[in-house]
Amino acid sequence: MNKSPNHQITKSPNPKHYLTVSDLASDEILFLINRALKLKKCYKSGQPYRPAIGKVIGLLFEKPSTRTRVSFEAAMLQLGGNVTFLSSRDLQLRRGEPLKDTARVLSRYLDCLVVRTFGQVVVDELARWSDIPVINGLTDQHHPCQVLSDIMTVMEHKHEDMKALKVAWVGDGNNVAHSWIQAASRLGFALALACPEGYEPDKEILSRAQTESAAPITLTTDPKEAVESADVINADVWASMGQEEETSKRREIFAPYQINEALLAKAKTDAIVLHCLPAHRGEEISEKVLEGPHSLVWDQAENKMHLHKTVLQWAMGL
Ligand code: CP
Ligand code: NVA
């Protein structure tokens, strides 16, 4: 049998995992976003770009997904590679096989693993035992790929220099908020968070970000204060995946945090509105704002695919 290059040898001894935004230096973040903007142009011009021929990634998802799943799948297929979707329901994980065994076995078949799960400890454990890069496709604590494509959208439509902008986060201090906090710390832009009492971001994530950077990262309970003169307003669901039983309680508590025309009027006149989606119209965002001229949510969703291409390339060293 002809000897073909040993698949193991092509793998890095130190896989480049992407588990939180803080895993990246500021120049790496900007490099990934700028390359995603170039890849978007390349895709729109119909130019094929296939550096991932022969590579296979796995998507191990324990929570539902429309955008992250399909944009990673399309990204990898467009890069010339292949994808296998691994629902945790169908794996031996469901019958108690340890994460460390799963990680070592999948490392022998795949070139990269994208994971959507509950605890951050799960992606940490998979990364610890994996010989291939592990990418966080959302945990209860972080959504690091989402926020890179959100910033890509801001840089594309607003300003290349994020430091010149004020970004507001209105609502739950959740996984996406945590990734925005870490991104503000890395890139040095102003981030004003407005969260109800008891629903603030994790204290340690917030204080570490504030200590590590001179960026003004502020927290208030007043949505008007956060949105005042903002260039970018971010919305997200009030009850994240896994918090469904809290939905009605949260609807009451979060009602003053809806992004509607009255709140939008406090921001700059040319402010843009982002929502990572899925959106609940009439809850965290009004129909008029979601479908109105300030909303960039469809471009934002589209950019996930281009950004995921650069993350895959970076992680696999292509
Ligand atoms: N924004 C986002 O992660 O969407 P999905 O849950 O559909 O992947
Ligand atoms: N905070 C939301 C984001 C969905 C993309 C959740 O975790 O459900």
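Averaging over all projection directions, find the projected area of the Cα convex hull of the chain and quote it in nm² with one decimal place. Computed as one quarter of the Cα hull surface, the answer is 17.1 nm². Charges were assigned to the Cβ only: +1 to each Lys and Arg, -1 to each Asp and Glu. The resulting dipole of the stretch 33-170 about its Cα centre is roughly 380 debye. Each Lys and Arg Cβ is given +1 and each Asp and Glu Cβ -1; about its Cα centre, the chain then shows a dipole of about 1460 debye.
With a threshold of 21 Å on the Cα-Cα distance, the over-threshold entries among Lys16/Lys44; Lys249/Lys304; Lys268/Lys309; Lys40/Lys309; Lys40/Lys166 are Lys16/Lys44; Lys249/Lys304; Lys268/Lys309; Lys40/Lys166. Under the simplified labelling scheme, the Asp161-Glu197 pair shows an inter-label distance of 4.0 nm, with each label point 7 Å from Cα along Cα→Cβ. Entry note: the stretch 74-126 has Rg to Rh equal to 0.98, where both radii use alpha-carbon atoms and Rh is the Kirkwood radius. Per-residue Cβ neighbour counts within 10 Å put Glu204, Glu125 in the sequence Glu204, Glu125, beginning with the fewest.
Each of Asp270 and Ser229 was given a label point 7 Å from its Cα along the Cα-to-Cβ line. The distance between the two points is 1.7 nm. Between Asp23 and Lys63, residue separation times 0.36 nm minus the direct Cα-Cα distance comes to 12.1 nm. Relative contact order of the chain, please, whole-number percent, based on alpha carbon pairs below 8 angstrom and at least 6 residues apart. About 20 percent, as a whole number. Counting neighbouring Cβ atoms within 10 Å and putting the fewest first, the residues Ile285, Ile53, Ile253, Ile272 line up as Ile53, Ile253, Ile272, Ile285. Under a 5 Å amide H cut-off, with hydrogens placed 1.01 Å from N, Leu191 pairs with Val167, Ile217, Thr218 among residues at least 5 apart or on other chains. For the chain, the residue among Val237, Phe189, Ile33 whose Cα projects farthest onto the positive side of the dipole built from Cβ charges is Ile33. Counting only DSSP beta bridges with both residues in the chain, tell me the antiparallel percent, nearest 5. Counting only bridges with both partners in the chain, antiparallel ones make up about 0 percent.
Quick note: the coordinates plus some simple rules give every number you see, no bench work behind them. A quick note: this is a predicted structure, and the numbers were derived from the prediction, not measured. Don't worry about glycine lacking a Cβ; one is built from the backbone with ideal geometry, like all the others, and counts go over all protein chains shown.
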